[in-house]
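The values are calculated or read from the model by the stated rules, or taken from the named source; none is laboratory data. Worth saying up front: this structure is predicted, and the values here are computed from it rather than measured. Positions of Cβ are backbone-derived with ideal geometry, glycine not excepted, and every protein chain shown enters the neighbour counts.
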Amino acid sequence: MTPGHDDEERDLELLDQSELDLLAYLDGELEGERLAAFEARLHDDRALSARIKALSAIGGFLRDDANRIYGNAKVDSIVDDVMAKVKTQEMEPRLADVIPLSTHVAPLTSRADRAKKNTVIWVAFGGIAAAAAALILWTGAHEVKSPVAPVASTTAAPPPVTVVKIDTPPPSNPSMPVPENAATVEVSDLEVGSGATVIYTRGEEGSSPVVWITGREAK
Amino acid sequence: MHVSIDKPARRTLLRWIGVLAMTCGVGTASAAIQQSANSTNVELTLLHGTKADAGAIPAGWPELTSPPFNAYNHYEVVSTKTLALTKGNAAKESLPDGSTLEATLLDTNPKVKVELVLKDNKGSQISKGTYSSPKGKKFLPVSTPYKGGALVVGLKY
């Protein structure tokens, strides 16, 4: 005996025999002498007959509308929804199985916020570039660019000169090496005429050649 | 008339303005850098040195107190001009003694390199040389006789 059967039997014990016969009669399970005795009693007892009719009507109603009631209860749809939800969750990766790429997750921003931020960046960058261009243009426009103006000339003819090419300028003092640095004026391919002398001046930043012309006097 | 522009349209317009400004800025800066690599300004100063009782040296030219310039003790600035030099084009400057100074820009990096040619009034070459100097440094490449003294050419790149 299972516990379910024990409960059913206990429920049946609460009903008297007449009630049990009535239920069996309605279910079509009453047979033999018990069926004959119940029908005889039903023939004589009008109250029992009326009760049978009422119960039969209720039973018919329940049988006819069972499908509708079952459908209205939406038992199947609930089950389907639950199963669909279960399947969906099985297909989705579990959060616990996802390895976080970074512990610092940027807060989610809306599309509008991101667009606004991008616009600000574009405008700011463009403004800086435009300002730089304007500064460059302004600097170039304020540079002094005086035209080459002719100045007074003279008619005195200088003596003829002979071009002498000096590839390596001689130092003014060979015993002292000439320091070379970024601030030094470097001269190459220096050519001078016969009336000219190359003189190397010495300064704090090194030597600098001067073409000292003595063989002619304009004025 | 008031024209209302919705937010997305205004945002798009601002973006295009930003892109346009950036393009103009980059293009202008690039052109300016390119131009600066092909041109420079050279300051030309002409100094007249004579022997006088009272010596005088213009400010900014301490080299004039050293040999061979100290052959004269009194210097005066005759003129100061700025020559705009571009690569490959010779800028000609007539000097008071009738000679001509031709300056041609050869390079700007790492130093400004200029070829200087001094010619007499007949066009004959007196001296020629390539002078490389850092920006802002003054130097005196040429001295020629002038009015009983010397006409000293001073340059600053």
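Which of (1) of a type outside the set (Lys, Arg); (2) surrounded by fewer than 12 Cβ atoms within 10 Å (Cβ to Cβ); (3) modelled with pLDDT of 70 or more does A:Leu135 not meet, given it meets every other one? Result: A:Leu135 fails condition (2) only.
Applying the criterion of being farther than 18 Å from B:Leu83 by Cα and more than 7 Å from every other protein chain (Cβ to nearest Cβ) to the residues of the stretch B:129-150, the residue that is surrounded by the fewest Cβ atoms within 10 Å (Cβ to Cβ) is B:Gly148. If we keep just the residues of the stretch A:54-68 that are within 15 Å of A:Leu23 (Cβ to Cβ) and of a type outside the set (Val, Ile, Thr), which is surrounded by the most Cβ atoms within 10 Å (Cβ to Cβ)? Here the answer is A:Leu55.
If you take the residues of the stretch B:90-104 that are of a type in the set (D, E, K, R) and surrounded by 18 or more Cβ atoms within 10 Å (Cβ to Cβ), which of them is farthest from the other protein chains (Cβ to nearest Cβ)? Reasoning before the result, please.
Of the residues in the stretch B:90-104, the ones of a type in the set (D, E, K, R) are B:92-93, B:97, B:102.
Those still in the list that are surrounded by 18 or more Cβ atoms within 10 Å (Cβ to Cβ) too: B:93, B:97.
Numbers: B:Glu93: 6, B:Asp97: 3 Å.
Across the stretch B:90-104, the extreme among qualifying residues is B:Glu93.
Looking at the stretch B:90-120, which of the residues that are polar (S, T, N, Q) and modelled with pLDDT of 90 or more is nearest to B:Ala150 (Cα to Cα)?
B:Ser99
The strands (runs of 3 or more DSSP E) found wholly in the stretch B:73-157 and carrying at least 1 residues that are without any contact (Cβ under 8 Å) to a residue 60 or more places away in the chain and in contact with a Phe, Trp or Tyr (Cβ under 8 Å, 6 or more places away or on another chain) occupy B:112-119, B:125-133, B:138-146.
State yes or no: is B:Val112 within 18 Å of the chain's Cα centre (by Cα) and more than 8 Å from chain A (Cβ to nearest Cβ)?
yes
Residue pairs whose Cβ atoms lie under 8 Å apart, separated by 6 or more positions or on different chains, with the first residue in the stretch A:24-40 and among the aliphatic types (A, V, I, L, M) and the second not in a helix (DSSP H, G or I), are A:Ala24/A:Leu30. Which fully enclosed helices (runs of 4 or more DSSP H) of the stretch A:1-82 have 1 or more residues being at pLDDT 85 or above? It comes to A:17-27, A:32-44, A:46-64. Candidates in the stretch A:187-203 are the residues that are within 7 Å of chain B (Cβ to nearest Cβ) and not small (Gly, Ala, Ser); of these, the one that is surrounded by the most Cβ atoms within 10 Å (Cβ to Cβ) is A:Val192.
Per-residue answers, yes or no, for (1) within 9 Å of chain A (Cβ to nearest Cβ); (2) touching a helix residue (DSSP H, G or I) at 6+ places or on another chain (Cβ under 7 Å); (3) on the phi > 0 side of the Ramachandran plot; (4) surrounded by fewer than 17 Cβ atoms within 10 Å (Cβ to Cβ):
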residue: B:Leu46; (1), (2), (3), (4): yes, no, no, no
residue: B:Ile57; (1), (2), (3), (4): no, yes, no, no
residue: B:Thr82; (1), (2), (3), (4): yes, no, no, yes
residue: B:Gly88; (1), (2), (3), (4): no, no, yes, yes
residue: B:Leu106; (1), (2), (3), (4): no, no, no, yes
residue: B:Ser127; (1), (2), (3), (4): yes, no, no, no
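For the structure I just gave you, tell me whether B:Leu118 is surrounded by 23 or more Cβ atoms within 10 Å (Cβ to Cβ) and more than 9 Å from every other protein chain (Cβ to nearest Cβ). No; evaluated as a whole, the condition is false for this residue.
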